[in-house]
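*Asks:* First, the structure itself, so that you have it in front of you.
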């Protein structure tokens, strides 16, 4: 990350022994404690930590100094000593004071949920843009936590230039260095944003539909992406297996070309720093023609995960509250059918059959993929005008234009005339008629 390659877990190698604690706070529980602890363990495993114990605490009255109660903190400290733990992961947001006090009272290096997710993103970012976004998010997170409990800046200070006069305190120097670095990162990301805008504008001029996959992390988006594109995007049973966005060309029935985008998986309580930093990347979702919400329907907390995804999409401005349950350009995919027993499959099939915008698939086995593709074709064609165009059979340019931009439902030849039933938007019909006006034998609306 260009100056901040390692951070909170700096002194811990992969395999460090970690305790995972989930404090259930009043009014905060969206999923059950067991599911939340399992997800927290998955986050820790994603960066190679060794989870030796998980424990759920009910916190009736959060404490400003430690979040948890005094007896709970003592129990964690004793557990850490008995199990020879290196690290305490608190699956909640901690203030800088709470983090420092927990470290002092438990004797364990402590990170919260935001810090853990930032660590994963820092390790996974594969592109220059991804690294910029992660570094900006991490600096934003650390800017409010300068209580001299972190030392990696001191080791890397030489790379950031002059720190100030002799009267400047160390914390002030660190804060100023962070502000300056964040300002530079924001300027670089603005360039990225402008470049992305130009790419999107070019795609709109050569108007191929853009389909964006979104969903909770580990829902199977990358497996589906690979099946549709025959690509080899990393698709593992691991949280945040995909971080940097990937775009590929796909072919659908009657649609010669569409663009499919795989995006970072969402997670409950996704740090706001990351939502803000990745806004440029997630603008691919905002500008998409169709949003495919991929759900792991075999997961016991699938409904809660769905709400988390919709909440983040609202934060990004993709959905508004009125549209959240019935977004016109959104389709919901219930994935991982292969993991369901027969009774559950029958129950869910009945539920899905009552909603035209829900389809059931297994990206792993391919079940339901053909019906899903046909549904995408229908969504692309929705609102288009269906017309019959008659052209000479040797007019390859006009035929290629129609096949490349429209949904062709039928094509038949009579002598030297080919008739094509094709669906296009009104804007594209205008472009076609302007470009091939003298070559159309006859067009009926």
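The values are calculated or read from the model by the stated rules, or taken from the named source; none is laboratory data. Here the structure is a predicted model, which is why all the values come from computation and not from measurement. Ideal geometry is used to build each Cβ from the backbone, glycine not excepted, and the neighbour counts take in all protein chains shown.
*Asks:* In the range 336-357, what residues are closer than 24 Å to residue 222 by Cβ and either more than 28 Å from the chain's Cα centre (by Cα) or in contact (Cβ under 8 Å) with a residue 60 or more places away in the chain (or both)?
*Replies:* The answer is 336, and nothing else.
*Asks:* Any chance you could count how many residues in the range 97-111 are surrounded by 19 or more Cβ atoms within 10 Å (Cβ to Cβ) and either closer than 19 Å to residue 51 by Cα or not assigned by TED's automatic domain parsing to the domain that holds residue 21 (or both)?
*Replies:* 6
*Asks:* Out of the range 376-398, which residues are touching a strand residue (DSSP E or B) at 6+ places or on another chain (Cβ under 7 Å) and either at positive phi or free of Cβ contacts under 8 Å to residues at least 40 places away in the same chain (or both)?
*Replies:* Start the filter on the range 376-398 by keeping residues that are touching a strand residue (DSSP E or B) at 6+ places or on another chain (Cβ under 7 Å), which leaves 376-377, 379-381, 384-393, 398.
Listed by number, the residues that qualify are 386, 393.
Residues checked against (1) farther than 29 Å from residue 257 by Cα; (2) in contact with a helix residue (DSSP H, G or I) (Cβ under 6 Å, 6 or more places away or on another chain); (3) in a strand (DSSP E or B):
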site	(1), (2), (3)
307	yes, no, no
319	no, yes, no
349	yes, no, no
352	no, no, no
390	no, no, yes
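*Asks:* Filter the range 58-96 down to residues that are over 29 Å from the mean Cα position of the chain (by Cα) and assigned to a strand (DSSP E or B) and give me whichever is surrounded by the most Cβ atoms within 10 Å (Cβ to Cβ). Let's see the steps before the verdict.
*Replies:* Initial filter on the range 58-96 (over 29 Å from the mean Cα position of the chain (by Cα)): 58-86.
If we keep only those that are assigned to a strand (DSSP E or B) as well, we get 58, 63, 67.
Details: 58: 13, 63: 14, 67: 25.
Only one residue fits best here, namely 67.
*Asks:* If we keep just the residues of the range 399-420 that are in contact with a strand residue (DSSP E or B) (Cβ under 6 Å, 6 or more places away or on another chain) and without any contact (Cβ under 8 Å) to a residue 12 or more places away in the chain, which is surrounded by the most Cβ atoms within 10 Å (Cβ to Cβ)?
*Replies:* Going through the qualifying residues, I end up with 411.
*Asks:* Somewhere in the range 228-241, is a residue closer than 27 Å to residue 339 by Cβ, outside any strand (DSSP E or B) and modelled with pLDDT of 85 or more?
*Replies:* First pass over the range 228-241, keeping only residues closer than 27 Å to residue 339 by Cβ: 228-241.
With outside any strand (DSSP E or B) added as a condition, the list becomes 228-241.
With the extra rule that they be modelled with pLDDT of 85 or more, the set shrinks to 228-229.
Yes, the range 228-241 contains a residue that is closer than 27 Å to residue 339 by Cβ, outside any strand (DSSP E or B) and modelled with pLDDT of 85 or more.
*Asks:* Sticking with this structure for a sec: Being at pLDDT below 95, assigned to a helix (DSSP H, G or I) and farther than 30 Å from residue 178 by Cβ narrows it down to one of 37, 43, so name that one. Can you show your working first?
*Replies:* Details: 43 fails: farther than 30 Å from residue 178 by Cβ.
The conditions single out 37.
*Asks:* Scan the range 433-442 and tell me whether some residue there is surrounded by 13 or more Cβ atoms within 10 Å (Cβ to Cβ), at pLDDT below 80 and within 22 Å of residue 380 (Cβ to Cβ).
*Replies:* So far as the range 433-442 goes, no, none of its residues is surrounded by 13 or more Cβ atoms within 10 Å (Cβ to Cβ), at pLDDT below 80 and within 22 Å of residue 380 (Cβ to Cβ).
*Asks:* Looking at residue 295, is it crowded, with 19+ Cβ neighbours inside 10 Å, in contact with a helix residue (DSSP H, G or I) (Cβ under 6 Å, 6 or more places away or on another chain) and modelled with pLDDT of 80 or more?
*Replies:* Yes.
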